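Colleague: Sharing a structure here in C-alpha cells format.
Read-outs throughout are calculated quantities, based only on the coordinates presented, and are distinct from any laboratory measurement. Predicted model only: the values in this text are computed from it and were never measured. Methodologically, a virtual Cβ is constructed for each residue, glycine included, from the backbone with ideal geometry; neighbour enumeration extends over all protein chains shown.
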Protein chains: 2
Amino acid sequence: MSNAWQEDVQAAVAAGVRISDQHIVDKVRRAVLTQRLPPGTRLPEVTLGEVFGVSRSVVRKALTRLAADHVVDQRPNQVARVRAPSIEETRETFAARRLVEGEVVALLAGQLDDGALSALEQEAHREIEAHQCGDEPARIEHSLAIHHQVAELSPNRVLGAMLTDLILRTSIVIALYKRPSLASCYLDGDHPRLLARLRAGEPEKARGVIDEHLRALEDLLDLGPRETETDLMAILGRPSPAEA
Amino acid sequence: MSNAWQEDVQAAVAAGVRISDQHIVDKVRRAVLTQRLPPGTRLPEVTLGEVFGVSRSVVRKALTRLAADHVVDQRPNQVARVRAPSIEETRETFAARRLVEGEVVALLAGQLDDGALSALEQEAHREIEAHQCGDEPARIEHSLAIHHQVAELSPNRVLGAMLTDLILRTSIVIALYKRPSLASCYLDGDHPRLLARLRAGEPEKARGVIDEHLRALEDLLDLGPRETETDLMAILGRPSPAEA
DNA sequence: TGTCGATTTATTGTATACAACAATACTGGC
DNA sequence: GCCAGTATTGTTGTATACAATAAATCGACA
C-alpha cells in the first residue's frame, strides 16, 4: 500500500505547498507514467484524500479530469482505477499519434528559430548520453521532453494539445506492453534525424521520420496474441475478461 | 435570464427522470451548439443547480467535464463561461478536423456494410429535403448526424473519439462566426459525393472530398480581419482584450 | 464630478454528513 | 463441503455548511 510516492506528497504538504486538484492530477499522471501506479490500481477517493491531505471534493475533481485525460477509468458507483488500454486500443493510439505528430512536425519543419532547435538538440544529446550511461529513467525523460516540446511548439495549438494527450497515452501503453526482455525502447538516431529534417525545412521527410520512429516503437512492444495463460482462460469460455 | 431552455429541463425533472451530471453535460452541450447559450454566457453553479434541481456537487462535475470538452472556460475563483474560441483557434480547429476526418473517411472507404452506408445516405437525403424546405435546424441536425456517424464508425476508435470532439468544436465556431447574411452553411452535393467515394472504396478520393468540404465550410465563415470597432480598440492600446 | 477605498454581495473552494449502492464476509441450511 | 441468503463493510453519490476569493456597490474626499 505505502509507496515511496507518499513521501513526496507529504513533504510537499509539510512545506506548505498548496495542494489543488491540478497537483493531484500531475502527481497521479506522473506516477502512472512511471508505472509506480500500475494499470488496474484502485484509487479510492478517501485514500487519495488522506495521501494528499485534502478532502474528497478535491480528489473527485482530480479524478474527473484524469478520466477525461484517459488516465483513469471512472465508472458509476465503482472505485476509480488506473486505465489499462487494450492491445487494440494501443495500436489505435499509435496510429492516431503517427497521424497527428506527423502533421505537427511537417508544420514545424523550417519554421523553428535557432533557440528552439538548439533546445531540442540538447535534449536529444542528453538522451544519447543517458542511454550510454544506462540511465533509462533519464533517457525516457529526455525523449519525452523532445516530443513534448514538439507538441508545445506546434503552430496549430489544437493539434498540439491533441498531441500532448497522445504522447501521454502512448507512454502509458509503452510502459504496459514493453517486452520485459528489452532494457530500453531507445531507437538509435531517430531523434537527431528528426531534428535534422526540421532544421533543413523538409516537411515530408520529417513526417516520414516520425512515422518510422513510431512504427519502430510500436514494433518493440509485445502486442502479439495473448499469452498462453489468458488464452486458455478465453478458450474455456470465461464470460467477460473484465479488461477494458 | 429565463430561456425556453429551462422548460425542457423542468419538464424532465417533473417526469421523474434521473438528472445526473451526464444529463447536464448533454443539455448544456446541445444548448451551446444551437446557440441558445451564446459564447461568454455566465454559468454560475447555483443557478445551474436550481435549473436542473440538483446541488452544486453535480453541477461542478458537469462543468469540469464540459471544460475538458472545450465547451466552457473554467478559471479558478471565477464563474464558468461558455467558451468563445478565437478566430485563430477556429482556423486551427478546422485544420485539425481536416486531418482527422480525412484519415477516418480514408480508413472507412470500402469497409462499410450496406446497412451503415444506407443509413448515411438516408441522412444525406433528409438533409437535402430539409434544405429544400428551408428548415435549417433540421438540415443541421442531419448534417451533423452524418459526420457523427462517420466518427462512430471509425475503425480506429481513438481517432473516432477525437473526431467527435472536433465536430462539436467546429459546430460551435460555425455558429459563432457564421456570416449573418448567409441563411445556411449548406454545401450542395458534398455529402452525397463523400458517400459515393466511401461506397466505391476510394480512400484518397474520400479524403479529398472531406478536405474540400471542410475548406469550403471554413470559407463560408467571417474569419477575416477584425471589425472596425474592435480594431480601433486594439489600436488605441487597450491593455488586454479579455477575450480568450 | 471623478476617483479611490471600504463594505457588501455574489460566487467558488473545501470539508463534512448522510444516503445509496457494491462488494465482501458470514451464517444457516442442505 | 457447498450454496444461498443475509449482514456488514467499503465506497461512491449527493446535499449542505462554512471559508476564501472576486466582483460590485456605495460613500467619502479631493
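Colleague: Around B:Ala145, what is the net charge, scoring Lys/Arg as +1 and Asp/Glu as -1 over all other residues with Cβ under 13 Å from its Cβ?
Modeller: Summing Lys and Arg as +1 and Asp and Glu as -1 gives -3.
Colleague: Output ³J(HN,Hα) for the stretch A:91-105: one whole-Hz value per residue in order, computed from phi by the Karplus curve 6.51 cos²θ - 1.76 cosθ + 1.60 with θ = phi - 60°, and x for Gly and Pro.
Modeller: 4, 5, 5, 4, 4, 4, 5, 4, 4, 6, 5, x, 5, 4, 5
Colleague: Let me ask something else. Say R0 is 35 Å: what FRET efficiency, to the nearest 0.05, do B:Ala161 and A:Ser20 get from their beta-carbon distance?
Modeller: The pair B:Ala161/A:Ser20 has a calculated efficiency of 0.80.
Colleague: Put a point 7 Å out from Cα along the line to Cβ at A:Pro180; what are the distances to that point in the other copies, in nm, shortest first?
Modeller: Output for A:Pro180: 6.8 nm, nearest copy listed first.
Colleague: Here is a further query. Taking every residue in B:101-107, how many Cβ atoms of other protein chains lie within 10 Å of its Cβ, on average?
Modeller: So the per-residue partner count for this stretch is 1.
Colleague: Check the straight Cα-Cα distances from B:Lys27 and name the aspartates and glutamates below 19 Å, setting aside those fewer than 8 residues away within the same chain.
Modeller: B:Glu7, B:Asp8, B:Glu45, B:Glu50, B:Asp69, B:Asp73, B:Glu141, B:Asp165
Colleague: What residues have an amide H closer than 5 Å to that of A:Glu202, excluding those fewer than 5 places away on the same chain, when H is modeled at 1.01 Å from N in the peptide plane?
Modeller: Those qualifying (amide H under 5 Å, at least 5 residues apart or on another chain) are A:Gly110.
Colleague: Sequence-distant or interchain residues sharing an amide H contact under 5 Å with A:Thr41, placed H: which?
Modeller: A:Val82
Colleague: Apply the Karplus parameterisation 6.51 cos²θ - 1.76 cosθ + 1.60, with θ equal to phi minus 60°, to every residue of the stretch A:115-127 and state each ³J(HN,Hα) to the nearest whole Hz, in sequence, with x for glycine and proline.
Modeller: For the stretch A:115-127, the Karplus-derived couplings read x, 4, 4, 4, 4, 4, 5, 5, 4, 4, 5, 5, 4 Hz, x marking Gly and Pro.
Colleague: Could you pull out every one of the aspartates and glutamates with an alpha carbon less than 15 Å from that of B:Lys205, ignoring same-chain neighbours closer than 8 positions?
Modeller: B:Glu101, B:Glu103, B:Asp190
Colleague: I need the inter-copy label distances for B:Arg42: point set 7 Å along Cα to C-beta, values in nm with one decimal, smallest first.
Modeller: Computed spacing set for this position: 4.4 nm.
Colleague: Taking the label point as lying 7 angstrom from Cα along the Cα-to-Cβ axis, what are the distances from B:Glu141 to the corresponding position in the remaining copies, in ascending order and in nanometres?
Modeller: Copy-to-copy label distances at B:Glu141, shortest first: 5.7 nm.
Colleague: On to the next question. Hey, can you grab everything whose amide H is under 5 Å from the amide H of B:Asp135? Only 5+ residues off in sequence or another chain; H modelled, so Pro and N-termini drop out.
Modeller: Sorted by chain and number, the residues that satisfy this come to none at all.
Colleague: Can you tell me the order of A:153-164, B:112-123 when each peptide is scored by its average per-residue count of other Cβ atoms within 10 angstrom, highest first?
Modeller: Final packing ranking: A:153-164, B:112-123.
Colleague: Also, quick follow-up: Select the chain B residue whose beta carbon lies nearest to the rotation axis carrying chain B onto chain A, and write the distance in whole Å.
Modeller: Looking at chain B's Cβ atoms against the axis toward A, the nearest is B:Ala68, 2.
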